[in-house]
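Notes follow the structure.
The values are calculated or read from the model by the stated rules, or taken from the named source; none is laboratory data. Worth saying up front: this structure is predicted, and the values here are computed from it rather than measured. Don't worry about glycine lacking a Cβ; one is built from the backbone with ideal geometry, like all the others, and counts go over all protein chains shown. The accessibility values were calculated without ligands, DNA or RNA, using every heavy atom of the protein model including side chains. Shrake-Rupley method; radii C 1.70, N 1.55, O 1.52, S 1.80 Å.
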Amino acid sequence: MAAEVGLRRKWRVAMPVRVVASCLSLVFLFFSGSAIWPWFTGAPAAEYMLACPVFLGGAIAGFLYSFGTSVVVTEDRLIVRNLGLVDSIPLQEIQSVEAGYSGLTITASGGRVLRGRAVEKPNYARWLGRRTRADRVVQDIRFASGLTAGRPGRGRAPG
């Protein structure tokens, strides 16, 4: 959901997706612990120890996706956080913003492309012409960067 803080808007991964990703992360964390457990009991555990980093990496990636991914619009910048890594771009440099299955695609002057994974548009919504949260975020970013003069109402997506 979007939260307004002064002249700042922030969008995070949708709550149901965060819950599912967090639950999967806990499962991966449990598997990493159970992969290392035979080592503590003295059993031969070489093959289990090789699986531990994989499970632990999956747990960390799931938590980072749940809580370290967002798109923020401030007065003068667009800030994109993907898995905790931060990248930003001045609003006046934005040339286009599109929503897709893999998130937002923001193209800036000079050909620089940012991907915002926090807001994704499902393929079925595109096929059915439905307007989703991703379309509203795209409109808000376009409005903040001056690409459009107004915001359209709810309903079906154009095209």
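Brief remarks follow.
- If you go through the stretch 90-118 and pick out every residue that is touching a residue at least 40 places away in the same chain (Cβ under 8 Å), outside any strand (DSSP E or B) and under 20 Å from Thr148 (Cα atoms), you end up with 2.
- Residue tally, condition open to solvent by less than 30 Å² (accessible area, probe 1.4 Å) and either under 8 Å from Ala59 (Cβ atoms) or assigned to a loop (DSSP other than H, G, I, E, B) (or both), over the stretch 10-35: 3
- Only listed residue being at pLDDT 85 or above, surrounded by 13 or more Cβ atoms within 10 Å (Cβ to Cβ), over 18 Å from Trp11 (Cα atoms) and of a type in the set (Val, Ile, Thr), chosen from Thr69, Thr107, Thr74: Thr107
- Close pairs from the stretch 138-159: first at pLDDT below 85, partner among the small types (Gly, Ala, Ser), Cβ under 9 Å, at least 6 apart: Leu147/Ser96; Arg156/Gly129; Ala157/Ala125; Ala157/Gly129; Pro158/Gly129; Gly159/Gly129
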